[in-house]
Amino acid sequence: DSIHLTVIIVVVALVLLLIIYNVIARKLMKPLDNLIEVSTALSKGDLSKRAEVVRSDEIGMISESLNRVADKLQFLINNLEESVIERTRQLQRTNEELKESKNQLQLRKAVGIQWSRRYSRKERSSVDSPQSARWNDVPD
């Protein structure tokens, strides 16, 4: 009878120990599971996820640090996007200025070519004319 009672007490004690162990393990593992979930989401690019800070021990400190890293990443990415947009605008303005400068240079080149052609024709015609010969014969 006493052996039977001892076996029952041992079995009940083991069941209670397993229940207590599971409760404690869940309580300890829940923040770690949350950290794993949040870090996985962050590594996939979801910067909206944050870790729950439920404890003030090492796990809580890691959770706070992970949240600060996520905040900083989100800030940097947002600023990077704004910087890219602003730089794109600057490049577009510069490109327009370069196009305008190119057009002005082409116009100046065309005018220069026209002037040089006119000047060359006038020079040639003045050399061939009898009047230019008279001017050339006049002593200095």
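The values are calculated or read from the model by the stated rules, or taken from the named source; none is laboratory data. Everything quoted here is computed from the prediction, not taken from an experiment. Cβ coordinates were reconstructed from backbone atoms using ideal geometry, including for glycine residues, and neighbour counts include every protein chain displayed. Just the protein is used for accessible areas: all its heavy atoms, side chains included, with ligands, DNA and RNA removed. Shrake-Rupley method; radii C 1.70, N 1.55, O 1.52, S 1.80 Å.
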Once both label points are put 7 Å beyond Cα along the C-beta direction, the ALA110-MET61 separation in nm becomes 7.4
Sorted list, accessible surface of protein heavy atoms, 1.4 Å probe, largest first, for ASP71, ASP1 is ASP1, ASP71
A chain fully extended from GLU82 to LYS44 at 0.36 nm per residue, minus the present Cα-Cα distance, gains in nm 11.5 nm
In the chain, helical segments from DSSP H whose Cα atoms cover 27 Å or more along their own axis and that average at least -0.5 on the Kyte-Doolittle scale are 2-43
With all protein chains in place and a 1.4 Å probe, LEU5 shows an accessible area in Å² (nearest 10) of 100
Reviewing (i) 19.4; (ii) 11.7; (iii) 9.9, the figure for mean projected area of the Cα convex hull in nm² actually calculated from this model sits under (i)
Listed residues ASN34, ASN22, ASN67; largest mean-square fluctuation, Gaussian network over the chain with Cα springs below 10 Å, found at ASN22
Expressed in nanometres to one decimal, the distance between label points 7 Å along Cα→Cβ at ASN103 and VAL23 is 8.1
log10 I(q)/I(0) for the stretch 1-66, Debye formula on C-alpha points only (no solvent), q = 0.22, 0.25, 0.28 Å⁻¹, two decimals, reads -0.88, -0.99, -1.09
